[in-house]
Amino acid sequence: MDIRTVHREGGTVLSVNGRIDTTAAPELDHAILQEIDQGNRKILLDFSGVPYISSGGLRVILATAKKLKNPGDKFGLCSLSPEVFKIMKLAGFTSIFSIYPDEGEALARW
Amino acid sequence: MPAGDGPLVSLTWQPVPGAPGALIYPLIRKIDVISSNSYVITTPEVILIVDPGGVPEQGEQLSRLIEACREEFDRPVFAFLTHSHVDHFIGIQSNAAFSVQKAVVFAVHHAGALALECGDRTVTQADILQQPLSPMKVGLRLFAPEREDHAGLPASLCFPNGAEITIVQDPAKADSPRLPHEQIRFGNGPALDLYHTPGHSPDSICLRIGNLLFVGDLLFAANPGVAGLTGWSQESLVRSLSGAERLVAERGVTQVCPGHGNVISAGDAARMFSRVRADAQSLSHIAELNRDRAVATAEYATDCMEQVNELFTIMAGRLAYVTYILDELGEAGMAEETAALISSDAIDELLEAFRDFAGEYQKISPSPVPLMLKAAQVMGKLERTFQRNELAGIIDPTLVRRAARLLADYITMLRGFTLPGERQVLDLVPVIEAIVTGLSLPLLSDEEILSGPDDEGAFSRILLSRIGSRPLLDEVECEVVTKDSPLLAWIDRDHFTDLLTYILEDLVGTGAGRIGIRIRKGEEGATITITGILAVTGARKPLTWRFLRGLAERAGGSLVVRQQDGLQSFEFTARAA
């Protein structure tokens with residue numbers, strides 16, 4: 001898995017490429033924490049390159065949602081594959097944070 | 001060198017207990033289906049190999065050992081096979097030290113000898129394990145029918161490698177613990193006793209020298225994925241296990257050397273023989289495990305694991321969601337207890353282990369057997385990672401039920417039993433309406449919550465269930481339409497319920513806000529068409545469709561899946577009654 005981070009006007013976009021398995025989940029967690037530590041509290045995860053997410057990956061996303069709930073914070077996901085969207089939807093995550101069709105729409109709404 | 005009275009040590013020469021002058025060098029491998037353990041035994045008169053194994057490296061290791069022994073002083077070499085399955089001998093087929101005529105005499109039960117000499121790919125399991133096999137010359141046929149007429153009379157045999165042996169069939173019949181028995185003497189050295197123990201295969205034998213008993217695959221013969229192999233016999237196996245148990249008890253056996261895994265004490269072996277016999281007795285009417293069934297089982301394993309992966313990730317995610325909400329509510333203690341109901345990390349590791357294994361193994365072996373057995377191992381462990389009853393009280397019970405059924409169905413299929421199911425004539429309309437209603441209502445209604453007991457424990461359970469179980473069709477408009485009511489059809493209710501749930505879950509999971517279920521009577525039978533417009537589109541996993549088609553067959557019908565311009569449809573057709 002690799003993560004490319006881009007700072008846009010509306011927020012920080014982390015584009016993830018690869019499976020988020022037990023090895024990759026802590027790497028994602030670390031990358032997100034690094035951004036939050038630097039004061040970037042509008043985080044969008046672009047999952048267009050993610051074909052699979054493990055329960056460890058789901059926990060990282062929940063932990064991030066927990067950290068970014070202050071007024072003015074933003075957290076969301078975009079460009080999910082059908083498989084990953086299905087997991088998020090059926091696990092009940094879609095009621096905690098927003099899922100957008102693509103990066104443009106997410107940042108436009110923020 | 002170890003003293004000889006302790007447990008045998010792998011890759012070390014040590015005395016054979018109870019056989020003065022004999023030494024043994026065990027090669028104990030990590031358990032797999034590719035190769036067996038090997039044992040080399042030397043006496044001043046002969047070098048014996050029990051099962052040369054299934055990989056060339058092991059064959060080379062053995063040939064170096066034999067060369068060293070013969071350099072010390074030359075003696076004839078015999079290779080005994082506990083049975084003629086390829087994982088016990090194929091590793092030496094391309095080894096010059098073994099293939100040179102006259103160098104090593106192969107000794108095999110006569111039924112196995114026939115299979116080896118004609119290169120029978122079915123009996124030897126070369127077919128199912130996808131191994132190349134050349135016909136092999138067997139120099140010494142054990143339990144040969146021609147010796148039956150001379151039972152009790154020793155016969156002298158000479159071999160091209162210079163060996164002279166004395167062999168006697170049933171030397172003391174009254175003394176034999178009910179197993180057909182032959183005894184071989186190589187000069188003045190200790191006797192080698194052979195016992196015919198069919199069941200795992202028709203040609204299976206056990207060998208005893210001193211206080212050691214070599215049992216081949218007798219201890220695994222009732223295992224899922226082993227029981228039912230072509231040549232397997234339940235009746236013979238039960239009889240052989242009883243005989244082997246008596247052998248251990250009555251012949252001073254102290255250690256039992258299996259074809260796979262560690263050497264075990266006589267006490268442990270006796271308990272295992274008894275347990276395996278009980279397992280074997282429960283295996284009446286299992287299907288033959290041949291190549292076709294192995295391929296079908298491995299395919300089902302792959303499909304099941306795909307669904308298991310999804311269901312377990314959803315269950316773990318749902319529980320993570322519950323703990324998240326509980327944390328938000330300041331219920332940290334309850335959150336911790338809830339999180340412990342499923343071992344998410346263990347699940348992730350098991351699912352990844354299977355995925356890695358499947359990916360790696362497919363590159364190096366076309367055999368379906370390892371994948372089939374790995375899936376069983378992973379599913380067995382998965383079953384221990386979640387507390388089913390407690391979870392079903394918190395998260396959607398259909399998730400838990402389907403996960404449990406997948407694991408159980410796979411093991412049932414692997415063992416060779418027919419999957420449980422009962423087709424009956426049912427009116428499809430109320431059946432479908434009941435499923436849809438069940439997926440639309442919360443686990444506990446508002447009335448049940450308000451009238452529930454007023455203690456802390458009950459409140460916790462209600463709270464957890466309220467957070468964790470969200471009806472699948474909660475935010476979805478689902479319409480059931482029919483003009484043909486009643487519509488009777490032959491279906492299996494449980495499998496049909498699972499099928500419809502999987503389909504609805506798939507549509508909801510890909511963002512369909514409206515789902516239509518149309519039930520009609522057509523020329524081909526009763527047809528149910530389930531359609532939804534997907535919010536998230538993209539290439540889907542074909543394994544899911546293959547799994548659903550298999551489930552539809554078990555439900556009593558057939559399934560056609562179509563996807564076009566964001567419209568997903570599933571058409572199930574069953575025989576109308």
Inset, instruction - Output the Kirkwood hydrodynamic radius of region A:2-99, Cα pairs only, in Å rounded to one decimal. - result: 13.2
Inset, instruction - May I ask what percent, to the nearest 5, of DSSP beta bridges between residues of region A:2-99 are antiparallel? - result: 30
Inset, instruction - Read phi for every residue in region A:22-36 and hand back ³J(HN,Hα) as whole Hz from Karplus 6.51 cos²θ - 1.76 cosθ + 1.60, θ = phi - 60°, with x for Gly and Pro. - result: 5, 6, 6, 4, x, 5, 5, 4, 4, 4, 5, 4, 4, 5, 5
Legend entry - Cα gyration tensor category, rounded, prolate or oblate, for region B:437-577 with a/c compared to 1.5: prolate
Legend entry - In sequence order, calculated HN-Hα J values of region B:127-133 (Karplus, 6.51, -1.76, 1.60; Hz; x Gly/Pro): 5, 6, 8, 6, 10, x, 9
Legend entry - Förster radius 60 Å - calculated FRET efficiency between B:Asp74 and A:Asn17 (Cβ-Cβ, nearest 0.05): 0.40
Inset, instruction - With no solvent and one equal point scatterer per Cα, compute the Debye intensity ratio I(q)/I(0) for the protein assembly as shown at 0.05, 0.09, 0.11, 0.12 Å⁻¹ and report its log10, rounded to two decimals. - result: -0.34, -0.87, -1.07, -1.17
Inset, instruction - Per residue of region B:92-98, in order, report the coupling 6.51 cos²θ - 1.76 cosθ + 1.60 (Karplus, θ = phi - 60°) as ³J(HN,Hα) in whole Hz, putting x for Gly and Pro. - result: 9, 5, 9, 8, 4, 4, 9
Inset, instruction - Compute the acute angle (0 to 90°) between the alpha-carbon long axis of helix B:291-328 and the principal axis of greatest extent of the alpha-carbon atoms of chain B; round to the nearest 10°. - result: 50
Inset, instruction - Determine the percent antiparallel among the DSSP beta bridges restricted to the protein assembly as shown, to the nearest 5. - result: 65
Legend entry - Percent RCO, i.e. relative contact order, over region A:2-99, from Cα pairs under 8 Å lying at least 6 residues apart: 28
Inset, instruction - Go ahead and collect, in residue order, the members of region B:460-493 whose backbone nitrogen is under 14 Å from a label point 7 Å along the Cα-Cβ direction of B:Arg575. - result: B:489-492
Legend entry - Residues of type aspartates and glutamates that B:Lys521 reaches as a straight line, Cα spacing below 13 Å, ignoring anything fewer than 8 places off in the same chain: B:Asp427, B:Asp484, B:Glu571
Inset, instruction - Starting from region B:362-409, pick out the trypsin sites (Lys or Arg not before Pro) whose DSSP state is loop and whose Cβ has at most 13 other Cβ atoms within 10 Å. - result: B:Arg384
Inset, instruction - Please identify every one of the chymotrypsin sites (Phe, Trp or Tyr not before Pro) in region B:68-144 that sits in a loop by DSSP and has no more than 10 other beta carbons within 10 Å of its own beta carbon. - result: B:Phe73
Legend entry - Share, in percent, of DSSP beta bridges within chain B that are antiparallel, nearest 5: 75
Legend entry - Dipole magnitude of region B:14-94 about its Cα centre (Cβ charges: Lys, Arg +1; Asp, Glu -1), debye to nearest 20: 160
Inset, instruction - Per DSSP H run of n ≥ 4, the term is -39500 (n - 2.57); total these for the protein assembly as shown, divide by its residue number, and report the mean residue ellipticity at 222 nm rounded to 500 deg cm²/dmol. - result: -13000 deg cm²/dmol
Inset, instruction - Determine the alpha carbon to alpha carbon distance for each of A:Lys86/B:Lys363; B:Lys30/B:Lys363; A:Lys67/B:Lys381; B:Lys137/B:Lys363; A:Lys67/A:Lys89 and list only those over 23 Å. - result: A:Lys86/B:Lys363; A:Lys67/B:Lys381; B:Lys137/B:Lys363
Inset, instruction - With only alpha-carbon atoms counted, please give the Rg and Dmax of chain B, in Å. - result: 30.0, 91
Inset, instruction - Give a quick list of trypsin sites (Lys or Arg not before Pro) in region B:463-527 that DSSP marks as loop, anything other than H, G, I, E or B, with at most 10 other Cβ atoms within 10 Å. - result: B:Lys483
Inset, instruction - Output the Kirkwood hydrodynamic radius of region B:436-509, Cα pairs only, in Å rounded to one decimal. - result: 14.9
Inset, instruction - Can you tell me the relative contact order of chain B? Whole percent, Cα pairs under 8 Å, sequence separation 6 or more. - result: 9
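Values quoted throughout were computed directly from the atomic coordinates according to the rules given, and no laboratory measurement underlies them. Because the structure is predicted, anything quoted here is derived from the model rather than measured. So basically every Cβ, Gly included, is an ideal-geometry build from the backbone, and we count neighbours across all protein chains shown.
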